[in-house]
Amino acid sequence: MPELPEVETVKRTLNRLIVGKQIDSVTVSLGRIIQRPDDTQQFALELAGHTIQRVERRGKFLRILLDDLVLVSHLRMEGRYGVYRKDEPVEKHTHVIFHFTDGTELRYKDVRQFGTMHLFKPGEEFTLPPLAKLGMEPLDESFTLDRFKSVLSKRKVKIKPLLLNQAYVVGIGNIYVDEALFRAGIHPEQMANTISDKQWAALHQAIITTLTDAVKAGGSSIKSYVNGQGEMGMFQHQLQIYGRKSEPCAKCDTLIEKTVVGGRGTHYCPSCQKLKQHKS
């Protein structure tokens, strides 16, 4: 958490709040957040005087584009951005503050302290970690059924951990994998190379629909996620399978079960998502 819909929501919110603002200075109080450059003073010095042009997203990463720099930010488990007036009290666990010339500030807060920031020259970010080896964007026009199948369908791996692997498809985390697999009627432990063409088509559409619906709802506020204005996402009220252990399935009334797949807590309906051993 956050996954693609939450990061997309933060992106859209920040585009409304910080585009056109010029950075006067930067305060870093937790050095390990800054991964590139490895000197926090250099990080702050390089950003001073630059103006934010727009905010984009690649997978679960934010790309904050300035006039001739790109800041790549990963929120990890609980990272948040918020815009404040400079005279407002700074909350605990605020680790990076971008001070703007107009008297406002973009503050990065991270209770778990797992978030990262990398600074690049434009275009350089796609050739180096952490963006260099990311997979398909599921809400992009290039995410076609043929491409999706060609990348995944021959792999002898359980489908859930395969979908969680950001080298193949980006942005889909634990919540939305469970939801998409349920919508497609596929067991999370089904081996990818045993999934039928019909199921691949259903899964491809389920991923797109699930993520699109979640973006429209502003993401899911599970645990502590809020967007850049402190507002909660609402998609958690539309979740059909995730977090609903022992509740009746919305499709068949069978009680939803929870197991562990690839080290992740996994929800599924044993009736709607039967584990099949061979292609149908």
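Taking amide H as placed 1.01 Å from N in the peptide plane, Arg58 has its amide H under 5 Å from the amide H of Arg63, each at least 5 places away in sequence or on another chain.
Pairwise Cα separations in segment 1-138 fall into 5 Å bins from 0 onward with the following percentages, short to long: 2, 10, 21, 25, 24, 13, 3, 1, 0. Among Ser25, Ser73, the ranking by other beta carbons within 10 Å of each residue's beta carbon, starting with the fewest, stands as Ser25, Ser73.
Which translational diffusion coefficient, to the nearest whole µm²/s, is obtained for the chain from the Stokes-Einstein equation, given a Kirkwood hydrodynamic radius over C-alpha pairs, 4 °C and 1.567 mPa s? Approximately 65 µm²/s, per Stokes-Einstein. Relative to the longest principal axis of the Cα atoms of the chain, the long axis of helix 197-216 lies at roughly 40 degrees. In order along segment 34-42, the Karplus-derived 3J(HN,Hα) couplings, from 6.51 cos²θ - 1.76 cosθ + 1.60 at θ = phi - 60°, round to 8, 9, 8, x, 7, 10, 5, 5, 5 Hz, and Gly and Pro are given as x. Under 5 Å between amide hydrogens, built in the peptide plane, is the criterion, and for Leu255 it picks out Cys249 among residues at least 5 positions away or on other chains. Seen from Ile23, the other residues with C-beta closer than 15 Å to its C-beta sum to a net charge of -2, counting Lys and Arg as +1 and Asp and Glu as -1. Backbone phi angles across segment 120-129, fed through the Karplus curve with coefficients 6.51, -1.76 and 1.60 (θ = phi - 60°), yield HN-Hα couplings of 9, 6, x, x, 5, 5, 7, 9, 10, x Hz in residue order; Gly and Pro are listed as x. Here's how it looks for Val90: its modeled amide H is under 5 Å from none belonging to a residue 5 or more places away or on a different chain. Taking the square roots of five times each eigenvalue of the Cα gyration tensor of segment 100-145, the equivalent ellipsoid has semi-axes of 29, 15, 15 Å, listed largest first.
Largest GNM mean-square fluctuation across Val28, Val72, Val177, computed for the chain with C-alpha springs under 10 Å, falls on Val28. Along segment 64-74 the Karplus relation, 6.51 cos²θ - 1.76 cosθ + 1.60 evaluated at θ = phi - 60°, assigns HN-Hα couplings of 9, 8, 9, 4, 8, 9, 10, 9, 9, 10, 10 Hz to successive residues, with x for each Gly and Pro.
Taken together, the values in this text are just the output of simple stated rules run on the coordinates, not laboratory data. Bear in mind the structure is a predicted one, so any value in this text is a computation, not a measurement. No Cβ is skipped: glycine too gets one built from the backbone with ideal geometry, and neighbour counts run over all protein chains shown.
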